[in-house]
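Below is one structure, written out as structure tokens; comments come after it.
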Amino acid sequence: MKFLTFLFVVLVILIQYPLWFARGGWINVFDLQSQYQLQKEINQELEKQNDALRAEVNDLKKGTDAIEERARDELGMIKEGEIFFEIINTEK
């Protein structure tokens with residue numbers, strides 16, 4: 001009887017091993033779920049960046065306001081007839 005009990009316990013352990021440790025087992029599933037969540041967060045961040053870039057492209061295609069803003073900020077350009085004043089703060 002003890003032998004049958006021992007044999008049964010060994011068989012149950014052998015059956016459980018693939019369920020927990022083999023490819024597709026629970027440990028692998030938990031690992032894949034954490035990787036999935038991480039990738040999902042990365043994708044959401046990239047989607048936000050893509051939306052911002054799409055909006056900027058649309059602004060550049062449809063209107064001159066965005067182009068004018070970039071020319072003023074990045075290139076220091078001014079319109080013809082405008083006077084440019086630069087205020088320098090010497091206080092620290």
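The values are calculated or read from the model by the stated rules, or taken from the named source; none is laboratory data. Because the structure is a prediction, the values reported are computed rather than measured. Ideal geometry is used to build each Cβ from the backbone, glycine not excepted, and the neighbour counts take in all protein chains shown.
Please enumerate the residues belonging to the stretch 53-92 that are surrounded by fewer than 10 Cβ atoms within 10 Å (Cβ to Cβ) and in a helix (DSSP H, G or I).
So the first thing to find is which residues in the stretch 53-92 are surrounded by fewer than 10 Cβ atoms within 10 Å (Cβ to Cβ), and the list is 61-62, 73-76, 79-92.
Scanning the stretch 53-92 gives Lys61, Lys62, Asp73, Glu74, Leu75.
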query: For the stretch 69-85, what are the residues that are among the charged types (D, E, K, R) and under 17 Å from Glu56 (Cβ atoms)?
result: Glu69, Arg70, Arg72, Asp73, Glu74
- request: Scan the stretch 12-32 and give yes if some residue there is assigned to a helix (DSSP H, G or I), of a type in the set (Asp, Glu) and surrounded by 10 or more Cβ atoms within 10 Å (Cβ to Cβ), otherwise no.
  value: yes
task: Please go through the stretch 4-38 and pick out each residue that is among the hydroxyl-bearing types (Ser, Thr, Tyr) and more than 37 Å from the chain's Cα centre (by Cα).
output: Thr5
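Is one or more of the residues making up the stretch 39-49 of a type in the set (A, V, I, L, M), surrounded by 11 or more Cβ atoms within 10 Å (Cβ to Cβ), at pLDDT 85 or above and under 40 Å from the mean Cα position of the chain (by Cα)?
From the stretch 39-49, those of a type in the set (A, V, I, L, M) are 42, 46; that's our starting set.
Now drop any that are not surrounded by 11 or more Cβ atoms within 10 Å (Cβ to Cβ), which leaves none.
Checked against the condition, which is being of a type in the set (A, V, I, L, M), surrounded by 11 or more Cβ atoms within 10 Å (Cβ to Cβ), at pLDDT 85 or above and under 40 Å from the mean Cα position of the chain (by Cα), the stretch 39-49 yields no hits at all.
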